[in-house]
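The structure appears right after this line, and notes come after that.
No lab work stands behind these numbers, since they all come straight from the coordinates. All of these numbers come straight from a predicted model, not from anything done at the bench. Here the Cβ positions follow ideal geometry from the backbone for every residue, glycine too, while neighbour counts run over all protein chains shown.
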Amino acid sequence: MRPNKMIWIVGPTYDLAEKEFRVIWNDLIVNQGLGKDKRVRRAYSKRAGDMFIQFPWGTRVECRSAEHPEYLVGEALDHVIMSEAAKHKRETWERYVRPALADRRGSADFPTTPEGFNWLHDLWQLGRQQRYLDKHIFESWKFPSWANDAVYPGGRNDEEILLLEETTEPEWFLQEIGADFASFVGKIFPEWDETRHVMTEDYKFIPAWPNYIAFDWGFTNPLAAVEFQVSPQDEIYIWRVHYKKYKTIPDHIRLMMKREHPPGYHIDLAFGDPADPEAAVQVSEEFKKHNVRVMCWAPKELKGDYTWRDGIDLMSSFMRNVKISEDKWGAPIEAPRYHVAWECKEHIKELNNYRSTEPVKGRNVPELGNRVEDHTIDAMRYALLCLFKMGARNMHLRSGMVSSAPVEITPRQKADRRALDTETSFAQILAGSNSGGIFTMGDSF
């Protein structure tokens, strides 16, 4: 409300924009008595779409509707309130409103109830990144309704909140009352929560920890290569994702090797879908062409001995909170063991949206996820089953590729390498051992 400012309240409709305008009107025109000042021009007609306050110091507040985008063109703005932001189209913000803020370096608020993983969710993620917080560019919050103790003095246990929870669908309650982006029917990873699992600061590669790459093959579908480290406490840190369509395996490996790598970078082991063992062999051969000796392990026992549900349950177990320490009073401090760098947007998106198939005419739902954008999830299922169920951590072959200095090969790793060269053929280990197991090309897993 400082002098000479232009402020818009933009709603999907005039009805929705009116809610914020009503607060300003009541505060200033009614309660502060500015309605008696003839120098203050004003109108409040929701039906006519004419709602504005023009102050004598040159500042104007007015409502605009996205139903009439022609009225969103041409103004230079100091501030915008995107009323019920989740109901707006991305185009309204990016094509009309955001450019109008650029000339005056204006600001914007996005009050809303979340409505799933739409364009607003993408914007909300930016406000959780330390790089933007430090520069005061974006800030994001989400508050459940019970945080308003003026309306709900009992907080989470307020009688009205408990009644709403008891008499509404859980997904509706969590979204509308709990401010949860991620609530929907059939969610396969209910433990997943961006606010706990997505790292807000840039990930720092730790050379002393093993580094793995998990592959899910694809050509018309994206090939996903998820790179992650495992801490000595068995914490998973996913820090980089390669995700591209319409390229051959040699192309993928070449692009991956051309990326900028952190100091001390190395690859210990790679994992792949056993439905295509030849792809696993080719990955290892292509790595070798780049002076990187790395196995890509795709054991056929992975599908014979373990189910899709086994992999999902294993991933979920890392997402749950576990005790990591105690505070000074002896109370447990808990945290998950599954962490994802903010830059790994494909993996975050898949985890956010991974859901079970809807039941048809009362029949049981098959124990599989919907076949939509699950490539990074499949890659991580294979890798974690190999590491934590099949003992792959005992098969490390440390790469000779680093970005700054050579990596030392331990005596244990040298012994492993000699055993690999003398006891078992390289192709046998890459494509799976000879101990049997069920393997059928094209199985759902």
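Things to note:
- Cβ crowding within 10 Å ranks TYR132, TYR354 as TYR132, TYR354, fewest other Cβ atoms first.
- Between the beta carbons of GLN130 and VAL40, assuming R0 = 60 Å, the FRET efficiency works out to 0.90 to the nearest 0.05.
- Cross-link partners of LYS19 among lysines, defined as those whose alpha carbon lies under 25 angstrom from its own and excluding same-chain residues fewer than eight positions apart: LYS5, LYS36, LYS38, LYS46, LYS87, LYS89, LYS142.
- Taking a straight Cα-Cα cut-off under 13 Å and skipping sequence neighbours fewer than 8 places away in the same chain, the aspartates and glutamates within cross-link reach of LYS349 are ASP122, ASP193, GLU194, GLU373, ASP374.
- Each residue in PHE215, PHE318 was given a count of other beta-carbon atoms within 10 angstrom of its own, and listing them fewest first yields PHE318, PHE215.
- The stretch 79-115 and the stretch 7-33 have Cα centres separated by 16 Å.
- Fully extending the segment from ASP27 to VAL322 would add 101.4 nm, taking 0.36 nm per residue of separation and subtracting the current Cα-Cα distance.
- Net lengthening on full extension, TRP172/ASN148 (0.36 nm per residue, minus Cα-Cα): 6.8 nm
- Cross-link partners of LYS323 among aspartates and glutamates, defined as those whose alpha carbon lies under 16 angstrom from its own and excluding same-chain residues fewer than eight positions apart: GLU191, ASP234, GLU235, GLU334.
- Cross-link pairs exceeding 22 Å between alpha carbons, from the set LYS245/LYS300; LYS258/LYS289; LYS244/LYS303; LYS258/LYS288: LYS245/LYS300; LYS244/LYS303.
- Taking the number of Cβ atoms within 10 Å of each Cβ as an exposure proxy, the fewest-first ranking of THR200, THR376 is THR200, THR376.
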